[in-house]
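Structure first, then comments.
None of the figures in this text is laboratory data; all of them are computed from the coordinates on show. In this text, all values refer to a predicted model and were calculated from it rather than measured experimentally. Cβ placement follows ideal geometry from the backbone for every residue including glycine, while neighbour counts extend to all protein chains displayed.
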Amino acid sequence: MNAQLREILSRSQAAFMGLAIGDALGAPVEFMTTGEIKAKYGLLKDLVGGGWLRLKAGQVTDDTEMTLCIARAMVAEGGMSLRAVADNFAAWLKSRPIDVGDTCRKGIRNYMLKGTLETPFNQWDAGNGAVMRILPVVLANLGNDGELERQVVAQAHLTHNHPLSDSACICLGRMVSHAVCGYSKSRLRKEVDALIAAHPAFRFDPYKGLATGYVVDTMQTVFHHFFRGSNFEECLVSTVNQGGDADTTGAIMGMLAGAYYGMENIPRRWLRKLDRKVMEEATMLAGRLVRLSSAVNLP
């Protein structure tokens, strides 16, 4: 294996680890305000568990679990099969997961009842539940932006059908893909600038401090802290301490910052606390997903 492919594999695994760590770090402070977090933790920077879901330290939620559903389906099918993804979502929902977003639950139930693979457009479906789970699609399509864009939107439409959600999925997908392949932050910023040009609502400077489940608020929070941060830990800690939908903003930031900064910059204390089974499966799936892509042919 050449050095370039080794680096891509390492960054892909870091993106998956980062997503799970961000989910586990942010979940205990989900729905809390910045002031409430500060009063309880000072600065939350460890995997502590607890929160409204009464999690164990290092336990993940739907952000990671739905990502794993997609990853398992793509590895098993050798590529994107929406029906295989939907079947995994259905089995996951039947398993009574610890948390499920309302829009995700509605879309999955719609598939279970009617077999539909695309939920109809709904002006209220501009949540962040589709963008949080795009990583497997990105890793399986490194070097193929056209297919990446098509597939991130297709998986989104299983539960979320809204132009703002679609555009966020495409933008983040391209950013994570570029980060895995070693591109600079200034190159990643061009993707955000293109998103803002098409949808000015995503403008994040000045940052309004909102970190709700609305996809615009979510992405503004991620963009703000990613471009201000100087390492993986700083990006992630500042994001989850914003509160709000902290497991999802944390998962998205962890995915992006993990891809950008790599495994060597993820604090060991977080890796030691993360759910061991999740860590092992995510590492394995990341490698298999990259092997589905054309990454080995990247310049």
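Points to keep in mind about this one:
- Over the chain, equivalent-ellipsoid semi-axes from the Cα gyration tensor in Å: 24, 23, 20
- Listed by chain and number, the aspartates and glutamates whose C-alpha is less than 14 Å from the C-alpha of Lys38, apart from same-chain residues fewer than 8 away, are Glu30, Asp46.
- Per-residue Cβ neighbour counts within 10 Å put Phe202, Phe226 in the sequence Phe202, Phe226, beginning with the fewest.
- Long-range amide H partners of Leu55 with built H, under 5 Å: Gly50
- For His199, His160, His178, the sequence from fewest to most other C-beta atoms within 10 Å is His199, His178, His160.
- Net charge, Val153 excluded, C-beta distance under 15 Å - Lys, Arg +1, Asp, Glu -1: -3
- Within the shell of other residues whose beta carbon sits under 12 angstrom from the beta carbon of Asn265, the net charge comes to -1, with Lys and Arg scored +1 and Asp and Glu -1.
- Kirkwood-type radius of the stretch 183-240, with distances r between different C-alpha atoms, in Å: 11.7
- Applied to the stretch 151-161, the Karplus parametrisation 6.51 cos²θ - 1.76 cosθ + 1.60 on θ = phi - 60° returns per-residue 3J(HN,Hα) values of 6, 5, 6, 4, 5, 4, 6, 4, 10, 10, 10 Hz, with x for Gly and Pro.
- Each principal axis of the Cα cloud of the stretch 124-180 was evaluated for its coordinate range; sorted largest first, these ranges are 33, 17, 15 Å.
- Separation of the alpha carbons by more than 18 angstrom is noted, of Lys94/Lys114; Lys56/Lys277; Lys185/Lys273, for Lys185/Lys273.
- Counted by Cβ distance under 9 Å from Ala20, the other residues give a net charge of -3, where Lys and Arg count +1 and Asp and Glu count -1.
- Lys, Arg +1 and Asp, Glu -1 on Cβ, resulting dipole of the chain about Cα centre, debye, nearest 20: 500
- Farthest toward the positive end of the dipole of the stretch 3-297, out of Ala168, Val137, Thr119, is the Cα of Val137, where the dipole comes from beta carbon charges about the Cα centre.
- Less than 5 angstrom separates the built amide H of Phe31 from those of Gly244, Asp245, Ala246, all sequence-distant by 5 or more or on a different chain.
- Note on Asp63, Asp217: ascending count of other Cβ atoms within 10 Å places them as Asp217, Asp63, the fewest first.
- For the chain, the 222 nm mean residue ellipticity estimated from helices alone, with every DSSP H stretch of n ≥ 4 adding -39500 (n - 2.57) and the total spread over all residues, rounds to -20000 deg cm²/dmol.
- Taking only the Cα atoms of the stretch 1-110, the ratio Rg/Rh comes out at 1.05, with Rh defined as the Kirkwood radius.
- For the stretch 177-287, the gyration tensor built on C-alpha atoms gives a prolate shape. Its axis ratio a/c (a ≥ b ≥ c) is at least 1.5, and a/b is the larger of a/b and b/c.
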